[in-house]
Amino acid sequence: MRHGSALLQAIYSVPSALYYGVQKSRELAYRGGIFKGSRAPVPVLSVGNILMGGSGKTPFAIFLARAAMRLGARPAIVSRGYKGTSRAPFLVVGDGRSPHPLVSPAVAGDEPWLMAWKLPDVPVLVGRKRIHPSTVAAEQFGCDLVILDDGFQHLELHRDLDIVLVDGSEDRMFPRGRLREPISALKRADLVCFRGPGEIPGWRSLTAKPVFRYRVVPTGLRVGGEAASIQHPDIYASREVVLVSGIANPDRFRKTAETLQWHVKDHLIFPDHHAFSESDLALIREDSPDTPKVFTEKDWVKLPDWFRRNPDVAALEVSVVMDDEAPFLQWISAHASGREGGR
């Protein structure tokens, strides 16, 4: 097995080197002015990472939007709408007034829909070129701050503040590993937030920017559809459950379940951003019929309502907790409004 793994890594080393070269060339082209960027009419705060998924960007963006509102700002969240079907210059997923998202997860993408659903007071917009939804957020919705979800690699749009989330599993460039960019890309960050206590060897030599730590913690179980009440996660303590996930890091979901002292009877793992088909739902229903099925929130939003209303179907809700929230928000408040510093 080790020989096969080494051979596979050797095969992947060539496309990995090419991918590295493309990413660095693109960064240098924007930095040198060869590729021209755009600037939104309001400050832009980007939340991103250097991994292909799995660092908690969506709950972090939700946390930031709620914090910005407490500080008196009128934020909007702008996302690419990954896996959504919309190809319009911009799409309004949530208008900040309606109690529910205005379009389906299939059109918006699962993560923008989830953010619009959890943040009914915050406009959520998507667009491939994020200058378009950012401008609409400012000019049509009166927002004075744009939170750019998964924006670290979107160099076309100037940012006033780049927050990069790191979870300690950063390894090698794709396809040898899960890195979108080399670790040296952290030099572009204004602030680094580590998920948990982990670190990347040698990263401190890359940047002297502030470092904060955060956790993504389970906060409740939504059982029986959108209108259901939220139960405490310990209702499944010492009980058997079947986990269902289509996320980048399914092992983390399982570890969370085990931390809650759930007995994981099975874990049905689908690809990241998976769209559940009728045959998928049949498979899920047939797997241990009398055992609760617990989905991630991101997967739960894509389920048909008739399936979500099943009393044995639940979604595990999570939230971001900062270890030093007050100093973090003070730093953000002090640096997010400087229009001269955008990149």
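Would you list, by chain and number, the lysines whose Cα falls below 30 Å from the Cα of Lys293, excluding same-chain residues fewer than 8 positions away?
Lys57, Lys83, Lys118, Lys255, Lys265, Lys302
Filter the trypsin sites (Lys or Arg not before Pro) in segment 277-310 to those in DSSP coil with at most 16 other Cβ atoms within 10 Å of their Cβ, and list the result. Before the final figure, lay out each step's value.
Details: sites: Arg285, Lys293, Lys298, Lys302, Arg308, Arg309; in loops: Lys302, Arg309.
When the trypsin sites (Lys or Arg not before Pro) of segment 277-310 are filtered for loop state and at most 16 Cβ neighbours within 10 Å, Arg309 remain.
Using Cα-Cα distances under 8 Å and only pairs 6 or more residues apart, what relative contact order does segment 83-131 have, in percent? Intermediate values should be presented prior to the final figure.
Values: 99 pairs, mean separation 22.4, N = 49.
Value for segment 83-131: 46 percent.
If amide hydrogens are placed 1.01 Å from N in the peptide plane, which non-local residues have theirs closer than 5 Å to the one on Val241?
His263, Val264, Lys265, Asp266
If R0 is 56 Å, what FRET efficiency do you get for Leu329 and Arg285 from their C-beta distance, rounded to 0.05? Intermediate values should be presented prior to the final figure.
Values: r = 44 Å, r/R0 = 0.79.
Efficiency, rounded to the nearest 0.05: 0.80.
Please compute the modelled spin-label separation between Ser238 and Leu102, points set 7 Å along Cα→Cβ, answer in nm with one decimal.
5.0
Measure off, as a whole percent, the carbon and sulfur share of the 1.4 Å-probe accessible area of segment 119-249, all protein chains present. Spell out each step's value before the answer.
Values: 2390 of 4780 Å².
Carbon-and-sulfur percentage of accessible area, whole number: 50.
The values are calculated or read from the model by the stated rules, or taken from the named source; none is laboratory data. It should be emphasised that the depicted structure is a prediction, and the values quoted were computed from it without experimental measurement. Because the Cβ atoms are built from the backbone with ideal geometry, glycine has one as well, and the counts that use them run over all protein chains shown. What goes into the accessible areas is simple: the full protein's heavy atoms, side chains included, and nothing from ligands, DNA or RNA. Shrake-Rupley method; radii C 1.70, N 1.55, O 1.52, S 1.80 Å.
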